[in-house]
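Trainee: What follows is a single structure, and I will ask about it in a moment.
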Amino acid sequence: MTTDAGEASRRDFLVVAGNAFAAVGAAAAMWPFVAQMNPDASAQALSSTEVDLTPIKDGQAITILWRGKPVFIRHRLKEETERARADDTAQLKDPEARNLALPETTKADDENRVKPGHENWLVLIGICTHLGCIPKGQSMADARGEFGGWFCPCHGSHYDTSGRIRKGPAPRNLDVPPYTFLSDTKIKIG
Amino acid sequence: MAQHLSSYKPTSRFGKWWDERLPIARMMHAQFIDFPTPRNLNYFWTFGGILMVCLVIQILTGIVLAMHYVPTAEDAFNSVQHIKRNVNWGWLIQPIHAVGASMFFVAVYIHIFRGLYYGSYKAPREVLWILGVLILFAMMATGFLGYTLPWGQMSFWGATVITNLFSSLNEIVSGLGTTIVEWLWGGYAVSGVTLNRFFSLHYLLPFVIAGLVVLHVWALHVAGQNNPTGLDVKSNADTVPMYPYAIAKDTVGMFAFFLLFAWFVFFMPDYLGHADNYIPANPLVTPTHIVPEWYFLPFYAILRAIPSKLGGVLAMVGSILILAFLPWLDTSRVRSAKYRPYFKYLFWFFVFTCIALGWLGSKPAEPPYVAWAQFFTLCYFGFFLVLPILGLIETPGQLPKSISESVLGGGASLPSGAAAAPEKR
């Protein structure tokens, strides 16, 4: 309804304002029904896990669960560390370190993905950054891909000995969780 | 539909009383008994009815299974085994539901290819077709959610891989994908929390499908059925009433279909599943070879063919979504492939492409399969690119004058078929 001059009438204004009010109200009322699906308080409770490294011999790896996610702890052989260091200059698909303890823009050099003085220990969240499978490579008998690290059998992503994506559909390097060395043989993840 | 009057005459006093208050029997009579159906429908037209029965079977068996199933990470796997071994008639009802999902997809794919071949998506049936695409999406979501419920290794890792598809949105807006995925999971990984909500949604979606089916059938009864000639119905001689003609034919088709269904249920109930799903879900070990259910394989092959995460997801979603645009991609004015000399070959090429993609989707992601999957992904989308051009350059064959002429030969005036129909229109 418009006035003779063609302007919007008071009724138009009331209709638009009323509908907008109802729409905002409906959206606000929807929110609890949407948000209830987010991780609940018990899932959010950030637990930390301590891991004793003594039983992991040179070249071995173990997988532990942290916040429901598998974490790879690999005791790298000297050659594996050297190979990772040499690959720092290679063409890296993801140039960022993905170390949750370091700023986002840190370079993906191997030294930024391990702790100084503990270069033989590589700790990673063991979830392929493609579609969430667990890459193979924790057991010495596993196929470790073309770069000697991990190989994801689901869609063929290859990770190197620093857990960096080198080939395949995964977009990012394996994440390094926040962790600290409590002693030379004990770490605390989280 | 609007012009079509029902021959319904309530005989009992109760029937008359009811008819004046809620004429539902009158409506059903008009829509499913007197409804004029083209007289030349072949057996491919029986799949609509078959699909409706499939939906009813899934809902009925599903309701029964939900009475015995336990949607927790600890008990889900065992409760399915419990249903199969201990629950009265569980040995029958559980496989009907599991095999039923596959059979539902067998029927829906035949139904879709039927629509494709005979141009059933063209005006005035665009909305009908799009509703069908929505039903397909809803069916896929339901099938996926249902497959996670037995909580075996394939269930768990299928759920992980498919929900992670959303994490590709991180490449558009940083963090968006992770937010959505954690919202879907209700945690930081797929867990019992995820299973519980998937169960709830798996129960919900079939009723959404049922609603969409009502709209689909409604749209069908407004436009009327397409037919093998693709011609419009021009006179009463072109049609026969739905009962007994189409209903009887549907029944024959249904018996044949459910014979196959029963064969799987009774003799090879696990054939269409995966042995890995008899291993309880283990969040620490991914099976070496993850494959979805067979009905997702072509789309899975497309996902893996694209060497970029976001690109793969977009191609996979796009491969289904593009079907919704088919009514406008096909520029030919002739509906049926019967009278389209080149489209006919293109159609069979497309069918072959889909089957090839399905086979490649079941293979590991390694050479030479990936390269072939890439080739056939190109073919798949190529079909939709060639279609608009083909309609412009193709010379269609000679169309019959009418549906009745195509059935009865030149003698369109022959009234024999028409006499069989109680004409009330």
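The values are calculated or read from the model by the stated rules, or taken from the named source; none is laboratory data. Quick caveat, the model's predicted, so the values are computed rather than measured. Cβ sites come from the backbone with ideal geometry, for glycine too, and all protein chains shown count toward neighbours. We work out accessible area using only protein heavy atoms, side chains counted, and drop any ligands, DNA or RNA first. Shrake-Rupley method; radii C 1.70, N 1.55, O 1.52, S 1.80 Å.
Trainee: Would you please name the residue that is surrounded by the most Cβ atoms within 10 Å (Cβ to Cβ), looking only at residues in the stretch B:147-161 that are of a type in the set (A, V, I, L, M, F, W, C) and within 8 Å of another protein chain (Cβ to nearest Cβ)? Give the derivation first.
Mentor: Filtering the stretch B:147-161 for residues of a type in the set (A, V, I, L, M, F, W, C) gives B:149, B:151, B:154, B:156-157, B:159, B:161.
The next check asks that each one be within 8 Å of another protein chain (Cβ to nearest Cβ); those that pass are B:157, B:161.
On the way: B:Trp157: 28, B:Val161: 22.
Looking at residues that are of a type in the set (A, V, I, L, M, F, W, C) and within 8 Å of another protein chain (Cβ to nearest Cβ), I get B:Trp157.
Trainee: Here is a follow-up. Looking only at residues that are outside any helix (DSSP H, G or I), in contact (Cβ under 8 Å) with a residue 24 or more places away in the chain and not β-branched (Val, Ile, Thr) in the stretch B:9-43, which one is surrounded by the fewest Cβ atoms within 10 Å (Cβ to Cβ)?
Mentor: Within the stretch B:9-43, the match that is surrounded by the fewest Cβ atoms within 10 Å (Cβ to Cβ) is B:Asn42.
Yes/no matrix, rows are residues, columns are (1) aliphatic (A, V, I, L, M); (2) farther than 21 Å from B:Asn282 by Cβ; (3) touching a Phe, Trp or Tyr at 6+ places or on another chain (Cβ under 9 Å):
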residue: B:Ser120; (1), (2), (3): no, yes, yes
residue: B:Pro124; (1), (2), (3): no, yes, no
residue: B:Leu128; (1), (2), (3): yes, yes, yes
residue: B:Ile135; (1), (2), (3): yes, yes, no
residue: B:Leu165; (1), (2), (3): yes, yes, no
residue: B:Tyr188; (1), (2), (3): no, no, no
residue: B:Val208; (1), (2), (3): yes, yes, no
residue: B:Val214; (1), (2), (3): yes, yes, no
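Trainee: Which condition number does A:Asp142 fail, the rest of (1) buried (at least 20 other Cβ atoms within 10 Å of the Cβ); (2) within 14 Å of chain B (Cβ to nearest Cβ) being met?
Mentor: Among (1) buried (at least 20 other Cβ atoms within 10 Å of the Cβ); (2) within 14 Å of chain B (Cβ to nearest Cβ), the lone unmet condition for A:Asp142 is (1).
Trainee: Of all residues being touching a residue at least 24 places away in the same chain (Cβ under 8 Å) and within 21 Å of the chain's Cα centre (by Cα) in the stretch B:270-291, which is nearest to B:Thr72 (Cα to Cα)? Just the residue, please.
Mentor: Ranking the candidates gives B:Gly273 first.
Trainee: Something else: Please go through the stretch B:369-404 and give me each residue that is open to solvent by 40 Å² or more (accessible area, probe 1.4 Å) and over 16 Å from B:Leu303 (Cα atoms), ordered by number.
Mentor: Scanning the stretch B:369-404 gives B:Leu385, B:Val386, B:Ile389, B:Leu392, B:Ile393, B:Thr395, B:Pro396, B:Gln398, B:Leu399, B:Lys401.
Trainee: Looking only at the stretch A:94-104, decide whether some residue is in a loop (DSSP other than H, G, I, E, B) and closer than 23 Å to B:Ile162 by Cβ.
Mentor: Looking through the stretch A:94-104, none of the residues is in a loop (DSSP other than H, G, I, E, B) and closer than 23 Å to B:Ile162 by Cβ.
Trainee: Then there is this: Go through the stretch B:304-362 residue by residue and tally those that are open to solvent by less than 50 Å² (accessible area, probe 1.4 Å) and under 30 Å from B:Leu399 (Cα atoms).
Mentor: So the count comes out to 21.
Trainee: Moving on. Going by what's in this entry, would B:Tyr118 be described as touching a Gly at 6+ places or on another chain (Cβ under 7 Å), within 30 Å of B:Val233 (Cα to Cα) and more than 14 Å from chain A (Cβ to nearest Cβ)?
Mentor: Yes: the conditions hold for B:Tyr118.
Trainee: Applying the selection to the stretch A:116-139, what residues are under 14 Å from the mean Cα position of the chain (by Cα), within 12 Å of chain B (Cβ to nearest Cβ) and in contact (Cβ under 8 Å) with a residue 12 or more places away in the chain?
Mentor: A:Ile125, A:Gly126, A:Ile127, A:Cys128, A:Thr129, A:His130, A:Leu131, A:Cys133, A:Ile134, A:Pro135
Trainee: Hey, among B:Val334, B:Val313, B:Val351, which residue is within 14 Å of another protein chain (Cβ to nearest Cβ), in contact (Cβ under 8 Å) with a residue 24 or more places away in the chain and not hydroxyl-bearing (Ser, Thr, Tyr)? Steps first, answer last, please.
Mentor: Values: B:Val334 fails: within 14 Å of another protein chain (Cβ to nearest Cβ); B:Val351 fails: within 14 Å of another protein chain (Cβ to nearest Cβ).
None of the other options fit; the residue is B:Val313.
Trainee: Quick one: A:Arg113 ticks every box in (1) more than 10 Å from every other protein chain (Cβ to nearest Cβ); (2) among the basic types (Lys, Arg); (3) open to solvent by 20 Å² or more (accessible area, probe 1.4 Å) bar one, so which box is it?
Mentor: Among (1) more than 10 Å from every other protein chain (Cβ to nearest Cβ); (2) among the basic types (Lys, Arg); (3) open to solvent by 20 Å² or more (accessible area, probe 1.4 Å), A:Arg113 violates only (3).
Trainee: For the subset of the stretch A:48-73 comprising residues that are outside any strand (DSSP E or B) and within 13 Å of chain B (Cβ to nearest Cβ), which member is least open to solvent (accessible area, probe 1.4 Å)? Walk me through it before giving the result.
Mentor: Filtering the stretch A:48-73 for residues outside any strand (DSSP E or B) gives A:48, A:53-60, A:67-68.
Okay, now just the ones that are also within 13 Å of chain B (Cβ to nearest Cβ), so A:67-68.
Numbers: A:Arg67: 72, A:Gly68: 41 Å².
The selected residue is A:Gly68.
Trainee: Suppose we filter the stretch B:309-341 for residues that are within 16 Å of B:Phe296 (Cα to Cα) and of a type outside the set (Val, Ile, Thr); how many remain?
Mentor: 8
Trainee: Hey, another quick one. Go through the stretch A:165-190 and report how many residues are away from chain B (no Cβ under 12 Å) and either buried (at least 22 other Cβ atoms within 10 Å of the Cβ) or closer than 26 Å to A:Thr105 by Cα (or both).
Mentor: Looking only at that region, the number is 11.
Trainee: Among the numbered criteria (1) open to solvent by 50 Å² or more (accessible area, probe 1.4 Å); (2) within 19 Å of the chain's Cα centre (by Cα), which one does B:Gly49 miss?
Mentor: Going through (1) open to solvent by 50 Å² or more (accessible area, probe 1.4 Å); (2) within 19 Å of the chain's Cα centre (by Cα) one by one, B:Gly49 breaks only (1).
Trainee: Could you say which residue among B:Val64, B:Val87 is out of contact with any Pro (no Cβ under 6 Å at 6 or more places or on another chain), of a type in the set (Val, Ile, Thr), surrounded by 16 or more Cβ atoms within 10 Å (Cβ to Cβ) and not in a helix (DSSP H, G or I)?
Mentor: Being out of contact with any Pro (no Cβ under 6 Å at 6 or more places or on another chain), of a type in the set (Val, Ile, Thr), surrounded by 16 or more Cβ atoms within 10 Å (Cβ to Cβ) and not in a helix (DSSP H, G or I) holds for just one of B:Val64, B:Val87, which is B:Val87.
Trainee: When you go through (1) modelled with pLDDT of 95 or more; (2) in a helix (DSSP H, G or I); (3) more than 28 Å from B:Leu272 (Cα to Cα) one by one for B:Trp348, which number turns out not to apply?
Mentor: Among (1) modelled with pLDDT of 95 or more; (2) in a helix (DSSP H, G or I); (3) more than 28 Å from B:Leu272 (Cα to Cα), the lone unmet condition for B:Trp348 is (3).
Trainee: Quick test for you: out of A:Ser162, A:Ser157, pick the one residue that is within 14 Å of chain B (Cβ to nearest Cβ) and either under 18 Å from the mean Cα position of the chain (by Cα) or open to solvent by 10 Å² or more (accessible area, probe 1.4 Å) (or both).
Mentor: Numbers: A:Ser162 fails: within 14 Å of chain B (Cβ to nearest Cβ).
When all the criteria are applied, what remains is A:Ser157.
Trainee: In the stretch A:77-110, what residues are open to solvent by 50 Å² or more (accessible area, probe 1.4 Å), closer than 12 Å to A:Asp160 by Cα and in contact with a Ser or Thr (Cβ under 8 Å, 6 or more places away or on another chain)?
Mentor: A:Arg83
Trainee: Right, another one. May I ask you to list the residues in the stretch B:277-291 that are more than 10 Å from chain A (Cβ to nearest Cβ) and either open to solvent by less than 50 Å² (accessible area, probe 1.4 Å) or of a type in the set (Phe, Trp, Tyr) (or both)?
Mentor: If the condition is that a residue be more than 10 Å from chain A (Cβ to nearest Cβ) and either open to solvent by less than 50 Å² (accessible area, probe 1.4 Å) or of a type in the set (Phe, Trp, Tyr) (or both), then B:Asn277, B:Tyr278, B:Ala281 are the ones that fit.
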